[in-house]
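Notes for the one structure printed next.
Throughout, read-outs are computed from the coordinates displayed, never taken from laboratory work. Everything numeric here is computed off the predicted structure, so don't read it as measured data. Backbone-built Cβ (ideal geometry, glycine too); neighbour counts: all protein chains shown.
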Amino acid sequence: MVENKSFANVVMLRKLLFFTLVMFVFGYALVPFYEKFCEVTGINNLLQPDVQAKEIRVDESRWITVEFDANTRGLPWQFKPLQTSARIHPGEPVNVMYEITNNSDREINGQAIPSYSPRFLDKHLKKFECFCFTKQVLKPNETRQMPVQFVIEPGLPQDIQTVTISYTFFELPDGTAAAVKR
Amino acid sequence: MSNSPADKNHVSVWQIAKAVLSAFMGIRKKSDLEHDAATLKPAHVIIGGIIGGLLFVIGVFSVVKLVIN
Amino acid sequence: MAAVHGDAHGHEHDDHHPSGIMRWITTTNHKDIGTMYLWFSFAMFLVGGTLAMGIRAELYQPGIQILEPELFNQFTTLHGLIMVFGAIMPAFVGFANWQVPMMIGAPDMAFARMNNWSFWLLPVAATLLVGSFFVPGGAAAGGWTFYPPLSTQGGLGVDLMIFSVHILGASSIMGSINIITTILNMRAPGMTMMKMPLFVWTWLITAYLLVLVMPVLAGVVTMLLTDRHFGTSFFNAAGGGDPVMFQHIFWFFGHPEVYIMILPSFGIVSEVIPTFSRKPLFGYSSMVYATASIAILSCVVWAHHMFTAGMPTVGQLFFMYATMLIAVPTGVKVFNWTATMWRGSMSFETPMLFSIGFIFLFVIGGFSGVICAIVPIDIQVQDTYYVIAHFHYVLVSGSLFALFAGAYYWIPKWTGRMYNETLGKWHFWLSMFFFNMTFFVQHFLGLAGMPRRIPDYNLQFADFNMISSLGAFGFGLTQLLFLYIMINCIRSGDKAPQKPWDGATTLEWTHLPTPAPYHSFEKPPIVK
Ligand code: HEM
Ligand SMILES: [Cu+2]
């Protein structure tokens with residue numbers, strides 16, 4: 001009787017430990033699941049170029065101010081846009097230049113990550129060219145100018161007059177591929 | 001749990017569904033419950049519960065879709 | 001019962017247990033371990049409470065007076081972590097250790113050695129957590145939810161926190177495995193599942209929830225650790241990771257976790273209310289069913305914590321509807337308790353007072369939860385004091401009040417002595433008064449826009465903050481009264497009869513003498 005009971009307990013213990021392990025793996029499995037989910041629903045493709053639509057209507061009746069912002073996080077680079085803002089019509093293609101300088105005496109890989117204000121701007125922003133699509137490798141003291149080319153679609157809600165496009169450069173550890181191809 | 005095979009055969013999908021549904025609302029008659037306890041096996045209820053959970057998710061999701069359109 | 005020791009059965013751990021400190025270190029007795037859990041959690045409650053006093057002292061007036069912002073952030077972070085993982089959760093495990101075997105007629109927990117081990121992990125984890133205040137850079141300061149990027153940037157304190165969460169998680173998982181096995185395999189003959197007291201049922205379901213989501217928490221803190229030190233990029237945007245994903249995984253654990261902290265207190269209240277109403281629990285079976293379904297459904301509502309983190313409208317609506325629907329089975333429980341009291345011959349001893357206080361205030365917390373679940377409102381109140389008010393109404397006047405109710409209810413059985421009823425009533429009424437003074441006004445602060453986790457605030461918030469701080473000091477002091485009552489009871493309380501509550505019907509009251517003997521139910525009782 002006692003024997004039986006403790007045997008049953010051990011069987012139970014094994015089952016529950018197995019279940020614990022399954023849930024631990026499940027936690028990790030959420031990562032690819034999350035990525036797939038975002039990819040399929042198109043929620044999170046910040047770092048992919050958009051396809052150039054044939055014909056975007058330019059809404060000449062409306063002006064939007066686009067502010068450009070640049071930051072670095074934890075790497076000795078200087079990073080700035082060559083113009084701080086632009087006044088544009090929705091639908092009109094825009095070209096801006098950014099400049100980065102490596103102030104250190106070692107080669108550094110960097111990756112820029114965009115962020116937008118208002119947050120839903122990404123739904124109305126089509127980006128065809130950007131330095132954030134790949135990693136940037138700068139030799140010691142190298143300076144580089146890089147373009148961003150985009151269109152803000154006329155669908156942007158009427159009450160928005162100013163938007164901000166911001167980039168932050170992070171250092172990529174050696175040997176890491178560009179962020180896109182993780 | 002019980003080992004008389006005779007009354008186990010009476011478990012219908014409908015009975016499990018009723019048990020799970022009433023659980024989601026939190027209301028169950030005592031007599032029904034005793035019947036459940038006598039006839040339902042834990043596996044029935046767990047599988048029923050998971051399916052019920054899925055249906056709940058699908059249901060709410062459909063309502064959301066409906067509202068948005 | 002064999003109160004005099006002697007019947008020689010070949011037991012591994014017989015009555016010749018070591019004495020002094022070694023008794024406690026080596027014990028495998030569920031009652032000893034339960035006692036240690038309870039004292040440990042009370043000690044952590046005092047530590048977390050001290051941090052809270054620091055927070056409220058700083059917020060007493062606008063401006064920075066006592067705590068520098070960096071230290072203030074460490075205080076809020078560790079207050080949350082210590083209260084959740086150090087005070088509330090271990091206290092419930094302590095109750096489970098004492099009560100579950102006695103309530104189902106089992107001699108001990110299923111795995112007695114593992115039980116000892118899962119307790120002794122706790123002081124280790126607590127030392128890491130509290131010790132992190134003294135390492136260079138101080139303790140973790142990114143909030144108890146440790147979102148990246150703050151948690152991928154902090155110093156050694158964050159690493160210590162991560163380890164301590166690992167250890168606490170391991171301890172909870174071992175504890176739950178033990179509880180599940182005990183409940184499923186060790187019931188006395190005749191104790192069918194549907195005869196189990198509700199406290200046992202709620203703990204069974206809680207334990208399942210724990211093994212379901214604790215490993216996920218362990219996984220997510222491991223990801224944080226590898227992001228910090230081993231070059232992975234789960235949450236690091238530069239490496240292609242996504243900090244928002246952390247929030248999803250964390251809250252996939254986090255929302256079930258809040259139910260882990262409330263279900264056992266539903267169990268305690270469901271024991272206390274019938275006893276002092278002298279009526280069986282109304283709708284026992286509904287309660288069991290509702291608890292089980294709350295557990296399942298709590299896994300599909302997590303993103304209501306993230307309405308402002310960026311989410312498609314479909315997602316917002318889904319989580320809003322799902323959250324509001326899950327409040328239904330919770331509401332049904334409140335009706336059941338009320339119906340139990342209806343026409344009962346009620347008496348109002350301290351455990352009953354705390355249980356009624358629980359129902360009353362938990363309902364307020366539940367309603368403010370539903371209000372937070374409404375997306376357009378939550379976009380306003382997210383990260384404000386409104387949320388703080390919500391979860392203190394469900395955690396302090398919910399979980400903690402239920403713990404007090406349980407402590408007063410069972411202390412006669414545990415110690416063989418009665419607590420001082422007059423002081424107990426004082427403890428209740430003072431707690432009730434100061435609790436509401438502290439937290440009710442925080443609803444107003446939150447609606448007016450005062451953000452949480454910030455050491456300073458605008459002048460317009462000054463009056464309510466002063467009221468809240470005064471209430472908090474009062475609440476803190478009142479809990480020292482609880483300590484006094486308990487020590488007084490253990491040392492010199494009046495002798496308690498076997499069944500001091502005449503409405504009690506569970507096995508520990510009907511089948512065991514008072515105080516409960518060190519080894520109980522070595523021969524299982526027959527339950528009819
Ligand atoms: C009626 C059921 C409940 C509903 C509808 C509900 C809803 C919510 C919502 C929507 C939030 C997010 C608010 C925000 O961050 O803007 C929240 C936060 C919270 N709830 Fe509840 N809740 C309920 C019950 C509970 C219970 C029973 C507990 C714990 C015992 C709890 C603990 C918490 C905690 C700790 C937070 C804040 C987490 C944080 O951001 O630090 N809730 N609740
Ligand atoms: Cu939640």
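A few remarks follow.
- Counts of other chain beta carbons within 10 angstrom of each beta carbon in peptide A:77-90 average 0.
- Take the Cβ atoms of C:L423 and A:A29, set R0 to 45 Å, and the FRET efficiency comes out at 0.25.
- The order of A:C130, A:C38, going from fewest to most other C-beta atoms within 10 Å of their C-beta, is A:C38, A:C130.
- Separation between Cα centres of the range C:255-286 and the range A:136-157, rounded to whole Å: 60
- Separation of the alpha carbons by more than 20 angstrom is noted, of C:K195/C:K528; A:K15/B:K18; C:K31/C:K413; C:K413/C:K499; C:K279/C:K425, for A:K15/B:K18; C:K279/C:K425.
- Per residue of the protein assembly as shown, the DSSP helices (runs of n ≥ 4 H) give a summed -39500 (n - 2.57) that works out to -19500 deg cm²/dmol at 222 nm.
- The simple spin-label model puts a point 7 Å past each Cα toward its Cβ; for B:V57 and A:M146 those points are separated by 3.8 nm.
- Computed E for A:K5/C:K195 - FRET, C-beta separation, R0 22 angstrom, nearest 0.05: 0.65
- Computed lengthening from C:A327 to C:Y484, 0.36 nm per intervening residue step minus Cα-Cα distance: 52.8 nm
- The mean count of C-beta atoms from other chains within 10 Å of the C-beta of residues in C:312-323, rounded to a whole number, is 4.
- Using the Cβ-Cβ distance between A:D159 and A:T65 with R0 = 22 Å, the FRET efficiency computed as 1/(1 + (r/R0)^6) comes to roughly 0.95.
- Rg/Rh for the protein assembly as shown stands at 1.01; both radii use Cα atoms, and Rh follows the Kirkwood definition.
- Vicinal HN-Hα couplings computed from phi for the range C:390-396 (Karplus, 6.51 cos²θ - 1.76 cosθ + 1.60; Hz; Gly/Pro x): 3, 7, 6, 5, 8, 8, 7
- Part-to-part distance (alpha-carbon centres) for the range C:401-470 and the range C:73-151, which is given in Å: 22
- Spin-label model, A:T134 to C:I526: label points 7 Å out along the Cα-to-beta-carbon direction sit 8.5 nm apart.
- Peptide A:96-102 is shielded by partner chain Cβ atoms: per residue, an average of 0 of them sit within 10 Å of its Cβ.
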